[in-house]
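Here's the structure we're looking at; comments come further down.
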Amino acid sequence: MNTSVVWGHPSLRVVLDVSPDGPVGVRSLSRGDTATAHRPRATQPLVELLLPGTGRAHSSHRFSQTAVGRRLAYLGCDQSTDGPWHLLRVHLHDAESGLDAEVFLRSADGVAAFQAWTRVTNRGQAPALLLGVTSFAAAFAGSVDSSDVVRADSEWLGESRWVREPLRAQAVPDLRLSLHGQDGRGRLAVVGKGTWSTGGHLPTGGLIDRDSGQAWLWQIEQNGPWRWEVGERLDGPYVALLGPTDIDHQWQHRLAPGESFTTVPVSVAVSGEGLEGAAAALTAHRRAIVQPHPDRERLPVVFNDYMNTLSGDPTTAKLLPLIDAAAAAGAEVFCVDAGWYDEDGFWWDSVGEWQPSQTRFPRGIEEVLGRIREHGMVPGLWLEPEVIGVRSPMADKLPPEAFLQRGGVRLVENGRYHLDLRHPRAVAHLDQVVDRLVEELGVGYFKLDYNIDPGAGTDLDADSAGDGLLACNRAHLAWLEGVLERHPGLTLENCASGAMRMDYAMLSRLHLQSTSDQQDFRLYPPIAVAAPMSVLPEQSASWAYPQPDMSDEEIAFTLCTGMLGRLYLSGHLDGMSSAQLDSVRDAVRVHKEIRADLARATPLWPLGLPRWDDGALALGLRAGDTTYAGVWRRDDAWSVRLDLPHLAGHAVEIDVLYPRHLPDWDHDWEPGPGVLTLTSRGEEPLSARIFRIRTAS
């Protein structure tokens with residue numbers, strides 16, 4: 001007899017099929033107030049679990065139809081609440097292997113999304129070797145033929161390059177599975193490797209049914225290896241979300257009798273209103289899972305001296321006038337970037353002790369930090385805590401076991417060793433560094449960078465290299481939590497060669513995210529426009545680096561790139577004319593006026609998700625009755641139509657917030673379809689504007 005478990009709240013409804021003659025699976029997943037397609041029976045198991053002694057029930061490279069996954073039987077479930085959170089625990093058991101699998105879901109009131117993870121416990125008499133465990137797996141309600149997949153490639157300087165295409169286009173061809181009577185074997189597998197969790201692809205993806213508007217967006221919350229896949233089964237498309245696996249990441253984990261293993265968390269947002277509806281749900285969910293911190297209320301403007309400015313060569317003489325200019329422009333944090341510890345000009349492979357340079361700061365770095373405080377700004381420093389340069393004194397002061405190893409040899413990557421934060425000496429060293437800089441120098445902001453990737457991991461005290469790396473990933477998160485527990489007012493920026501570790505394992509704990517290291521202001525807009533697909537607007541720190549040799553339109557262009565997120569300033573402000581500095585001040589003032597709205601806004605893309613070479617780009621942020629739109633022009637004579645269907649049928653008021661000192665763009669509003677046509681009258685091919693669009697009273 002088929003039975004079901006129904007769980008959720010008014011904004012989310014999950015129905016699980018728990019029939020005794022088939023695997024437990026998701027029959028439907030939808031917003032609580034909208035209808036969705038129901039499968040007559042869920043055949044995609046809720047948990048997929050791969051063991052060497054059982055493997056898959058159907059030959060493939062998939063995490064669908066594993067033998068243990070098909071055998072896991074329903075033992076019961078618990079539903080509860082904890083403050084705003086609704087919780088579900090589903091208990092499954094495989095009698096043959098003796099393994100229990102508990103699936104946990106939690107969802108916040110009013111949010112059409114949930115977080116999920118799986119805990120596997122060995123109840124048998126013999127050890128079990130895990131080769132892969134899903135955090136969540138389910139069949140998607142749409143048809144393969146009408147479904148689009150959204151995914152993104154990402155690399156240094158070219159982050160967040162999104163693609164939306166039909167699922168049939170490349171990855172999932174029509175193989176006439178019904179004729180063969182078998183599920184397929186192929187899949188679209190998107191995999192992140194090493195410790196740069198977003199160094200090749202993003203752990204965020206989605207499926208959208210073009211006919212019904214049903215959409216799922218997901219993210220894997222892991223600061224190391226991960227995998228997500230979609231494919232076709234006889235009854236339609238499926239999704240599987242995982243952390244590290246044997247096939248991708250050299251991950252194996254041995255469970256002795258009585259021991260448990262917990263997967264990395266993942267989150268899934270649902271909508272009946274297509275991609276932007278799911279993006280709004282995932283945005284609300286991200287705000288629910290981030291940890292509270294004063295920075296999330298203040299959202300201060302940060303000036304950092306690195307990008308296209310001092311470039312890792314700070315000195316007292318260079319910094320003092322720059323500090324004065326940044327304060328005059330309205331910055332609230334001033335961060336001294338790389339090089340502040342360097343004595344000989346070759347700092348890359350000597351980092352790790354983190355003592356201020358005496359040659360760069362003849363009167364001590366205290367003079368520089370004091371000037372920052374005199375202007376009412378918070379002093380910040382760049383730090384790359386997880387690495388020790390091969391020439392650093394710390395390389396020989398710490399034991400070999402405090403570093404990642406393979407085969408008994410310390411891993412070296414580009415002149416650096418990598419600390420293993422499972423080791424107490426490594427943790428003690430970093431704690432001493434942070435505590436000294438905060439308590440003795442008064443640092444209130446750290447830019448935490450991370451510029452190497454040590455590969456598959458460490459086999460020291462681990463069942464496999466991937467198993468060691470996962471333990472190190474988790475130890476790193478625990479260290480960050482300890483830092484914030486000791487220094488609750490400290491602000492931590494997440495940076496890894498720009499955005500090579502832009503995941504919500506990190507961002508649920510840290511406060512803002514560097515979106516790129518891209519130094520060409522003309523190439524940055526597609527990165528900034530795409531960022532809210534992966535990161536909250538109020539955490540998305542995109543560089544704005546105006547320079548004295550730029551034209552007025554170019555200065556406005558780069559400032560607009562940072563204004564619809566965390567405004568992250570750099571540039572030689574101390575060399576600007578009074579008119580140029582006025583333009584920077586205006587941008588900072590406007591950003592401060594709207595930043596409270598940005599922290600409650602949901603993103604939309606009036607021109608669709610940006611492509612790298614688009615001549616026109618647009619990002620919208622909707623906050624109540626107000627929509628902010630940033631629009632960038634990157635080609636010649638130009639007009640663009642912005643689709644704003646949420647404003648269809650309304651009269652609107654349209655204001656240019658920035659820049660107001662440059663020629664207006666003509667605009668024409670069509671209330672019926674909700675289309676805004678913008679035409680640039682300027683002669684320069686590069687220009688940008690920030691608009692505020694409000695429904696007329």
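The values are calculated or read from the model by the stated rules, or taken from the named source; none is laboratory data. Computed from a predicted structure; not experimentally measured. Note: ideal-geometry Cβ built from the backbone for every residue, glycine included; neighbour counts use all protein chains shown. Note: areas computed on protein heavy atoms with side chains; ligands, DNA, RNA excluded. Shrake-Rupley method; radii C 1.70, N 1.55, O 1.52, S 1.80 Å.
Based on C-alpha coordinates, I'd like the Rg and Dmax of segment 339-378, in Å.
That works out to 11.7, 34 Å for Rg and Dmax.
If packing is taken as the average number of other Cβ atoms within 10 Å across a peptide's residues, how do 199-206, 536-543 rank, most packed first? Before the final figure, lay out each step's value.
Working: 199-206: 24.1, 536-543: 26.2.
Result, highest mean first: 536-543, 199-206.
Can you pull the Kirkwood radius for segment 647-697, inverse mean 1/r over Cα pairs, to one decimal in Å?
Working: mean 1/r = 0.0839 Å⁻¹.
Taking every pair of different Cα atoms in segment 647-697, averaging 1/r and inverting gives 11.9 Å.
State in Å² the accessible area per residue of segment 98-216; use a 1.4 Å probe, count heavy atoms of protein chains only, and round to the nearest integer.
Values: 4310 Å² over 119 residues.
Accessible area per residue, segment 98-216: 36 Å².
Can you give me the Cα centroid spacing of segment 361-392 and segment 548-602 in angstrom?
First find each Cα centre; the distance between them is then 25 Å.
Using the Karplus equation 6.51 cos²θ - 1.76 cosθ + 1.60 (θ = phi - 60°), what ³J(HN,Hα) coupling, rounded to whole Hz, does each residue of segment 21-30 give in order, writing x for Gly and Pro?
Per residue, the Karplus-derived 3J(HN,Hα) values read 9, x, x, 5, x, 7, 7, 7, 8, 7 Hz.
Cα atoms only, segment 325-457: Rg and Dmax in Å?
Calculated on Cα positions, Rg and Dmax stand at 16.1, 55 Å.
With a 1.4 Å probe and every protein chain left in place, work out the accessible area per residue of segment 288-423 in Å², rounded to a whole number. Show your work: numbers first, answer last.
Values: 5250 Å² over 136 residues.
Each residue of segment 288-423 exposes 39 Å² on average to a 1.4 Å probe.
In whole percent, and with a 1.4 Å probe on the protein chains, what portion of the accessible area of segment 514-586 is carbon and sulfur? Write down the numbers at each step before the final one.
On the way: 690 of 1630 Å².
Roughly 42 percent of what the probe reaches on segment 514-586 is carbon or sulfur.
Taking every alpha carbon pair in segment 217-309, what does the distance histogram look like in 5 angstrom bins from 0, in percent?
Using 5 Å bins, I get a P(r) of 2, 9, 12, 14, 16, 14, 13, 9, 6, 3, 1, 0 for segment 217-309.
Within the accessible area of segment 108-185, what % is carbon and sulfur when the probe is 1.4 Å and the other protein chains stay in place?
Values: 1600 of 3240 Å².
C and S atoms contribute 49 percent here.
Explain nothing, just the number: relative contact order of the chain, from Cα pairs under 8 Å at least 6 residues apart, as a whole percent. Let's see the in-between values first.
Details: 1774 pairs, mean separation 71.1, N = 697.
Reported relative contact order: 10 percent.
How much length would be gained if the chain were fully extended between Asp668 and Arg363, taking 0.36 nm per residue of separation minus their Cα-Cα distance, in nm to one decimal?
Numbers: separation 305, 0.36 × 305 = 109.80 nm, distance 5.88 nm.
This chain segment gains 103.9 nm when fully extended.
So how long is each side of segment 432-546 along the principal axes, counting just the alpha-carbon atoms, biggest first, in Å?
Principal axes ranked by extent give 48, 37, 21 Å for the Cα atoms.
So for segment 593-697, what are the equivalent ellipsoid semi-axes in whole Å, largest first, each being the square root of 5 times an eigenvalue of the Cα gyration tensor? Don't skip to the end; give the middle numbers.
Values: eigenvalues 87, 45, 42 Å².
Over the Cα atoms of segment 593-697, the semi-axes work out to 21, 15, 15 Å.
With all pairs of different alpha carbon atoms counted, what Kirkwood hydrodynamic radius in Å does segment 127-171 show?
On the way: mean 1/r = 0.0729 Å⁻¹.
With all distinct Cα pairs of segment 127-171 included, I get 13.7 Å.
Add -39500 (n - 2.57) for each DSSP H run of 4 or more in the chain, then divide by its residues: what number comes out at 222 nm, to the nearest 500 deg cm²/dmol?
Working: 14 runs with 142 residues, N = 697.
Here the helix-only value at 222 nm equals -6000 deg cm²/dmol.
Report, in whole Å, the centroid distance computed from the Cα atoms of segment 190-236 and segment 477-543.
That distance is 20 Å.
Per 5 Å bin, what percent of the C-alpha pairs of segment 50-134 does each bin hold, from zero upward?
P(r) over segment 50-134, rounded to whole percents: 3, 14, 21, 20, 15, 12, 9, 5, 1.
Relative contact order for segment 234-375 using alpha-carbon pairs under 8 Å, separation at least 6, rounded to a whole percent?
Relative contact order of segment 234-375: 17 percent.
Per 10 Å bin, what percent of the C-alpha pairs of segment 257-321 does each bin hold, from zero upward?
Histogramming segment 257-321 at 10 Å steps yields 14, 21, 22, 23, 15, 5, 0 percent.
Which entry is the computed Rg and Dmax of the Cα atoms in Å for this structure: (1) 32.4, 114; (2) 25.9, 81; (3) 24.7, 80?
Only one option fits the structure, namely (2).
Residues of segment 615-666: accessible area per residue at 1.4 Å, in Å²? Each step should come with its number before you reach the end.
Details: 2120 Å² over 52 residues.
I get 41 Å² per residue for this part.
Please compute the Kirkwood hydrodynamic radius over segment 71-215, one decimal place, Å, based on all pairs of different Cα atoms. Each step should come with its number before you reach the end.
Values: mean 1/r = 0.0538 Å⁻¹.
So the Kirkwood estimate lands at 18.6 Å.
Any idea what Rg and Dmax come out to for segment 484-577 if you just take the C-alpha atoms, in Å?
14.2, 46
Between Ala478 and Leu129, what is the label-point separation in nm under the 7 Å Cα-to-beta-carbon projection?
Placing both labels 7 Å along Cα→Cβ, they lie 2.6 nm apart.
Between Lys592 and Ile654, what is the label-to-label distance in nm when each label sits 7 Å out along the Cα-to-Cβ direction?
Label at Lys592, label at Ile654, 3.0 nm between them.
With unit charges on the beta carbons (Lys and Arg positive, Asp and Glu negative) and the dipole taken about the Cα centre of the chain, which residue among Leu441, Ser578, Val120 sits farthest to the positive side?
Sorting the options by dipole projection puts first Val120.
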